[in-house]
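Since every read-out is calculated from the coordinates, none of them should be taken as a lab result. As the structure is a prediction and not an experimental result, all values here were calculated from the model. Positions of Cβ are backbone-derived with ideal geometry, glycine not excepted, and every protein chain shown enters the neighbour counts.
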Amino acid sequence: MSVQGELAGTLVAVLGGSGFVGSAVSARMAARGARVRVVARDPGVPPFPAEVVATDLTEPGAVAAAVAGADVVLPLVLFTGGGTWRVADGDAADAARVNVGIVAEVVDAARGTVVFPGSTSQVGPGAPERIEGTETDHPESEYDRQKCAAERLVLDAGGCSLRLPTVFGPSTGSPDRGVVTAMARRALSGEPLTVWGAGDVERDLVFVEDVAEAFAAAVAHPDRLAGRAWLVGSGAGVEVRALFELVAATVAELTGRPAVPVRSVPPPPYATASDFRGLVADPAGFTLATGWRARVPLADAVARTVTHLLQSSVDGALPSTPKHG
């Protein structure tokens, strides 16, 4: 487990440092004593000491300049084109330019450690519903194929990958567009929450602050992790219906209004086989190597997420609610 000040003097370049995960990771690196370089198109003004680089990483030479002199590079950039993890067929080439091309340039230019943000979904629908990290990958989606390609570049160069499950929570950067926050926004608007079919598929969820701590742990133990992909997860699944019922109950408790209903709806045409299979990640290997474990209980994490959205509604209008179940 990382401790206060152990990264003192380490220059960490966070590409995509103003994004949902990137902003949390950048803040945690700064809290651990690292010198942080936040790289983004529109990095804003981070609420912690940082070098800020505003740049378009797809421009020639931009990646090399962004990682110059860095001891550690975290390429947390992501292109989907639709605001979720799915890559539309027409966006595949543009997505690959960001999701794989930028990582290739990072590997070529970086002189320090590269820690890549992988995804537990890279294993594909043929894997067991509870994975340990030894499974063979059979990626089903374009997103996962691109993740696998970029990850392989990093591992072959001696870096490491943290394969993340569903990450959610409040953000000081780009808003969380994931399903937990989307359902919380719906509930705050008084709308029913919808699940596909019975909603009995299990998902692994980790609070964004725990994910930021995982990256700090990885930066603190590069030699132990080099050349491998590591699972980061809670090790415990929750059924989607139960998750949505928790969101509805939490919103009701914090607002004093009746809980909105959770309803089953038919799956949409774009649903894939992976959408109907459970996926829970066992982080035992990463815990043994670094001491990290997810520490924020799901109920507390949901409550903190809803509280943040309520505060956002006081400060200004709630962001629009994505229409997916």
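List of remarks:
- For Val280, net neighbour charge (Lys/Arg +1, Asp/Glu -1) across residues whose Cβ lies under 9 Å away: -2
- Our coupling estimate for region 300-310, obtained by passing each phi through the Karplus curve with A = 6.51, B = -1.76, C = 1.60 and θ = phi - 60°, is 5, 5, 5, 4, 5, 5, 5, 4, 4, 5, 5 Hz, Gly and Pro reported as x.
- For region 127-169, GluC sites (Glu not before Pro) meeting the loop criterion (DSSP other than H, G, I, E, B) and having at most 15 other Cβ atoms within 10 Å: Glu129, Glu132, Glu135.
- Calculated over region 139-243, the projected area of the Cα convex hull averaged across directions stands at 8.4 nm².
- Loop-located chymotrypsin sites (Phe, Trp or Tyr not before Pro) in region 219-311 (DSSP state other than H, G, I, E, B) with a sparse environment of at most 16 neighbouring Cβ atoms within 10 Å: Tyr270.
- Relative contact order for the chain, counting Cα pairs under 8 Å that sit 6 or more residues apart, in percent: 19 percent
- Put in order of Cβ neighbour count within 10 Å, fewest first, the listed residues His138, His221 become His138, His221.
- Taking every alpha-carbon pair in region 16-81 and binning the separations at 5 Å intervals from zero gives 4, 18, 31, 28, 14, 5, 1 percent.
- Anisotropy class of region 61-211 from Cα gyration tensor, a/c 1.5 cut: prolate
- The stretch between Arg41 and Glu129 holds 27.9 nm of extra length on full extension. This uses 0.36 nm per residue minus the Cα-Cα distance.
- Theoretical gain in end-to-end length, Ser312 to Leu288 [0.36 nm per residue, Cα-Cα removed]: 4.8 nm
- The calculated Kirkwood hydrodynamic radius for the chain is 20.0 Å, given to one decimal from all distinct C-alpha pairs.
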